[in-house]
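Participant: Please see the structure below; I have some questions.
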Amino acid sequence: MKKSIDIICIGEVLIDFIGHQIDTSINRTKDFHRFLGGSPTNVAVNATRLGLNSVLVATCGQDGLGEYIVRKLKANNVITSHVKKIDHMPTSVIFVSKSTGTPDFIPFREADSQIDPSQITDDLLESAKIFHTTCFALSKDPARTTILESAKRAKQLGLKTSIDINFSERIWNDRDEAKLVLKEYLATDPLVKLSEDDCYRLFSESKTEDFIFEYFHNLGASTICLTKGKEGVVLSDKKFGLFHQKAIPVLEIKDATGAGDAFWTGFLYAQLLNKNFNDTITIAQKLAVLKLQNVGRLPADIDISSFI
């Protein structure tokens, strides 16, 4: 079958209510603006900005916010035929502080975890190249079981799996359970993206780069990309070794929300082009910088040729 889909993004779709006041707590934020949100949702939208074909597999409420989500997805050329609306739960929302660093947030999770196997058919998997999800999406059933079983099928069908280990104890308060679920997903040898903040939250203490890379390599992941904020990016690959790049300076940070998703979209884009890891990290960092300079998602008029 022809591979007509570049990336399947499966997981949370929700509404981010991002504060107007920058670098203040949610307690001090006076008003919020509505944005389409969720890490896999951001990757799906970003991918279309780069000219890729992306499918979002997700669930929202049969309500006004759900209608807004589907409308925005279609406007951004994301394939929505695998987005389900349900009438017994409202659309999930998250209130987020606008920040130049790691944002504060308060989640109100409802429909996002209601992803079932009927939304991920073999025909869909056979038509795609990359299967991407997040730790957030794996934190709750039935989405967890659906994603794990689908990832195994995706691996068998020749797709490259991918995961953003965006762990947060506010979303998943059982670290031991999280580690067991991640072990099962990482057995598919996904491309792994995680940040120092993610690692601190997952292990409840600071860990060295050596520990982080050894830990996730031992679970089955060949390629692990660790983002370190102002300290840049370090990638460890079982075959090709270590790669390190300094962070690209940013003159003005308008909003850090979604910068990691922009980075990972660029990473997956470059890997689809069979770029080497140095070029891949460079492209990813350039897209993250572009996101830092914009509130919401990546702008619509990206000249991707200038990033390659």
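Participant: Over the heavy atoms of K74, what accessible area does a 1.4 Å probe trace out, to the nearest 10 Å²?
Facilitator: In the full protein context, K74 sits at about 120 Å².
Participant: Just name one of L65, T80, L50: the one whose Cα is farthest towards the positive end of the charge dipole of the chain (beta-carbon charges, Lys/Arg +1, Asp/Glu -1).
Facilitator: About the Cα centre, the residue reaching furthest to the positive side is L50.
Participant: A follow-up question, please. Carbon and sulfur together cover what percent of the accessible area of the range 252-308 at a 1.4 Å probe radius?
Facilitator: 46 percent
Participant: Could you tell me the calculated FRET efficiency between D176 and A300, based on Cβ-Cβ distance and R0 = 51 angstrom, to the nearest 0.05?
Facilitator: According to the calculation, E is roughly 0.75.
Participant: Which of K98/K129; K3/K152; K152/K207 have a Cα-Cα distance over 22 Å?
Facilitator: Long pairs (Cα-Cα over 22 Å): K98/K129; K152/K207.
Participant: With a probe of 1.4 Å, find how much accessible area the chain has per residue, and write the answer as a whole number in Å².
Facilitator: 43 Å²
Participant: Name the most mobile residue of F240, F108, F277, meaning the one with the largest mean-square fluctuation, in a Gaussian network model of the chain with Cα contacts below 10 Å.
Facilitator: F240
Participant: Step by step: find N for the range 93-221, compute 2.2 N^0.38 Å, then divide the Cα radius of gyration by it. What's the final number?
Facilitator: The reported ratio for this selection is 1.09.
Participant: H244 versus Q21, label points 7 Å from Cα toward the beta carbon: distance in nm?
Facilitator: Rounded to a tenth, the inter-label distance reads 4.0 nm.
Participant: Let me check the size of the range 1-159 from its C-alpha atoms; what are the radius of gyration and Dmax in Å?
Facilitator: Just the Cα atoms of the range 1-159 yield Rg and Dmax of 15.9, 53 Å.
Participant: What residue among I69, I281, I212 shows peak mean-square fluctuation when the chain is described by a Gaussian network model with Cα springs under 10 Å?
Facilitator: I212
Participant: So for the range 5-307: antiparallel DSSP bridges make up what percent, rounded to the nearest 5?
Facilitator: 40 percent
The values are calculated or read from the model by the stated rules, or taken from the named source; none is laboratory data. Please read these numbers as outputs of a predicted model, since none were measured by experiment. FYI the Cβ positions are ideal-geometry reconstructions off the backbone, even for glycines, and counts take in every protein chain you see. Accessible surface areas use protein heavy atoms only, side chains included; no ligands, DNA or RNA. Shrake-Rupley method; radii C 1.70, N 1.55, O 1.52, S 1.80 Å.
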